[in-house]
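S.K.: Before we start, here is the structure in question, set down as structure tokens.
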Amino acid sequence: MNKFKLSIIIPTWNRKKKLIKLLKTILIKLNKVNISYEIHICDSYSNDGTRIALENLYGTNHKIFFHNIISNNISSKRNKGLRNAKFHNILLLDDDCVPIGNFFNILIKSLNSSKKNEIFCAQYYTQKRLVKKSNYYRFRDSKNLNSKNIGQISYKNIITGSCFFKITKQKKNFYFNENIKGYGLEDVDWAFNLKKKNFKLFLTKAIVDHQETSQNIKSYVLKWYMMSRDAMPSLLKKNNIQIKGKLFIFEKIFKYDFVKLIISFLNPFIIIPLSITLKFLLFYTDKSKFFYSQNLFYFLLMLYYLRGACKRNRHRFKNMKWYKDGYK
């Protein structure tokens, strides 16, 4: 019987400690299931000593490959890994997604029994201690798919932070859109394009501990701001407005000049002050369950999405500093 072979692709940037913790965990688990594997670490010249640390720890491990690319773009990093992968079984794994339990047993079983054109995702798990003491993590946990959702899911629910599949026919069918700037939407675009090629998406019993332990509501709304300002316009250039979802319903309306004018007028007087006030309210009441409201969190995300929409085409995108460019 042929040994199972797996290529693991991990994009990273300035997360040395998280990356090393992840590698230590998956190497232990991989050795237990006894499969052939390779790991492609795809970085963008991190300045926190990532490469030196990896060379010191794994310099003699010929199964771990380190790649540096100029573009600090998660799509470019995943594509770099895909181009260099020598095995047909692929695992896309973010550097803050740590497999737990029998993750690799489920992965192997899923891919061995996979029919043509199937993509599999693991579930995101948020540590209960975080959910218990933080409204922010409670909100994030409420958005996670869980065991109730196992089976076929929509492309809108793609989890590329822990996604596995078999590469069939042309490898380029699995490449991500590198033109999408900033944060987010490259995953939905990827899943939507595969859906058009008759791929089906499934949630499995495999679980990863999504260790966004440095996150809070202030950093999370920034992602929504950047997604609206940078990622959505670059996605819409592909005329992918047929992608469904609440954000795309808004975009269909926002394309009208009078709507843009109204939102732009309201932005400095209502949207910005309200968003900043609500952000700090949720931040400083984070440990009080009394103040938890899922709707308030969603409302805040919408406000920052509107703010991002008002800033489109008014700045020069800085690839290495997207997370703090022009933001309050």
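The values are calculated or read from the model by the stated rules, or taken from the named source; none is laboratory data. What you see is a predicted model; the values in this text were computed from it and never measured. So basically every Cβ, Gly included, is an ideal-geometry build from the backbone, and we count neighbours across all protein chains shown. For the accessible areas, the whole protein counts, side chains as well, though only heavy atoms, and no ligand, DNA or RNA atoms are used. Shrake-Rupley method; radii C 1.70, N 1.55, O 1.52, S 1.80 Å.
S.K.: Considering (1) open to solvent by 70 Å² or more (accessible area, probe 1.4 Å); (2) in a helix (DSSP H, G or I); (3) under 20 Å from Y155 (Cβ atoms), say which one S234 fails and leave the rest.
M.R.: So S234 meets the others, but not (1).
S.K.: Continuing with the same structure: Just to verify a result, which residue in region 95-119, among those that are assigned to a loop (DSSP other than H, G, I, E, B) and more than 13 Å from I8 (Cβ to Cβ), is least open to solvent (accessible area, probe 1.4 Å)?
M.R.: Restricting to residues being assigned to a loop (DSSP other than H, G, I, E, B) and more than 13 Å from I8 (Cβ to Cβ), the top hit is D96.
S.K.: If the requirement is being closer than 17 Å to F120 by Cβ, in a helix (DSSP H, G or I) and at pLDDT 95 or above, which of these qualifies: L6, L91, L82?
M.R.: L82
S.K.: On to the next question. Counting only residues that are more than 20 Å from S76 (Cα to Cα) and of a type in the set (K, R), which one in region 1-16 is surrounded by the fewest Cβ atoms within 10 Å (Cβ to Cβ)?
M.R.: K3
S.K.: Can I ask one more? Conditions first: (1) over 27 Å from the mean Cα position of the chain (by Cα); (2) at pLDDT below 95. L235 passes all but one, so which condition is the exception?
M.R.: (1)
S.K.: In this structure, does D209 turn out to be without any contact (Cβ under 8 Å) to a residue 60 or more places away in the chain and closer than 30 Å to G101 by Cα?
M.R.: For D209, the condition - without any contact (Cβ under 8 Å) to a residue 60 or more places away in the chain and closer than 30 Å to G101 by Cα - is not met.
S.K.: If you don't mind, there's one more thing I want to ask. Among all residue pairs at least 6 apart or on different chains, which show Cβ distances below 8 Å where the first residue, located in region 78-94, is open to solvent by less than 60 Å² (accessible area, probe 1.4 Å) and the second is part of a loop (DSSP other than H, G, I, E, B) and of a type in the set (D, E, K, R)?
M.R.: Sorted first by the residue in region 78-94, then by its partner, the pairs are N79/E178.
S.K.: Hey, another quick one. Looking at region 28-51, I want the residues that are touching a residue at least 12 places away in the same chain (Cβ under 8 Å) and have a partner that is assigned to a helix (DSSP H, G or I) and open to solvent by 40 Å² or more (accessible area, probe 1.4 Å) with Cβ atoms under 6 Å, at least 6 apart or on another chain. Which pairs are those?
M.R.: Taking only residues 6 or more apart or on different chains, the pairs are H40/N84; C42/K80; D48/K16; G49/K16; T50/K16.
S.K.: Identify all residues within region 259-293 that are touching a Ser or Thr at 6+ places or on another chain (Cβ under 8 Å), open to solvent by less than 70 Å² (accessible area, probe 1.4 Å) and either modelled with pLDDT under 95 or in a helix (DSSP H, G or I) (or both); write none if there are none.
M.R.: The answer is none; no residue qualifies.
S.K.: Any chance you could count how many residues in region 153-171 are in contact with a strand residue (DSSP E or B) (Cβ under 8 Å, 6 or more places away or on another chain) and either polar (S, T, N, Q) or not in a strand (DSSP E or B) (or both)?
M.R.: The total comes to 9.
S.K.: Quick check, is S219 assigned to a helix (DSSP H, G or I) and open to solvent by less than 20 Å² (accessible area, probe 1.4 Å)?
M.R.: no
Quick grid of which residues meet (1) assigned to a helix (DSSP H, G or I); (2) out of contact with any helix residue (DSSP H, G or I) (no Cβ under 7 Å at 6 or more places or on another chain); (3) open to solvent by 70 Å² or more (accessible area, probe 1.4 Å):
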position	(1), (2), (3)
N173	yes, yes, no
N177	no, no, no
D187	yes, yes, no
F192	yes, no, no
K195	yes, no, yes
N198	no, yes, yes
T204	no, no, no
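Residues are listed down the side, and each one gets a yes or a no for (1) without any contact (Cβ under 8 Å) to a residue 40 or more places away in the chain; (2) within 26 Å of K196 (Cα to Cα); (3) in contact with a helix residue (DSSP H, G or I) (Cβ under 8 Å, 6 or more places away or on another chain):
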site: N216; (1), (2), (3): no, no, yes
site: S228; (1), (2), (3): no, yes, yes
site: M232; (1), (2), (3): no, yes, yes
site: I243; (1), (2), (3): no, yes, yes
site: V259; (1), (2), (3): yes, no, yes
site: P273; (1), (2), (3): yes, no, no
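S.K.: Would you check if A122 is buried (at least 21 other Cβ atoms within 10 Å of the Cβ), among the small types (G, A, S), closer than 30 Å to F283 by Cα and at pLDDT 90 or above?
M.R.: Yes; evaluated as a whole, the condition is true for this residue.
S.K.: Can you list residue pairs whose Cβ atoms sit under 9 Å apart, with the first residue in region 131-156 being within 27 Å of E186 (Cβ to Cβ) and the second being acidic (D, E) and at pLDDT 95 or above? Count only pairs 6 or more apart in sequence or on different chains.
M.R.: Cβ pairs passing all conditions: Y136/D286; Y137/D286.
S.K.: Looking at Y256, Y305, can you tell me which residue is open to solvent by 80 Å² or more (accessible area, probe 1.4 Å) and of a type outside the set (K, R)?
M.R.: Of the residues listed, the single one that is open to solvent by 80 Å² or more (accessible area, probe 1.4 Å) and of a type outside the set (K, R) is Y256.
S.K.: Being open to solvent by 90 Å² or more (accessible area, probe 1.4 Å) and either in a strand (DSSP E or B) or under 28 Å from N2 (Cα atoms) (or both) is the filter here; which residues of region 17-62 pass it?
M.R.: Hits for region 17-62 are K24, I28, N31, K32, N34, T60, H62.
S.K.: Here's a check for you: in region 237-253, which residue that is in contact with a Lys or Arg (Cβ under 9 Å, 6 or more places away or on another chain) and hydrophobic (A, V, I, L, M, F, W, C) is surrounded by the fewest Cβ atoms within 10 Å (Cβ to Cβ)?
M.R.: I241
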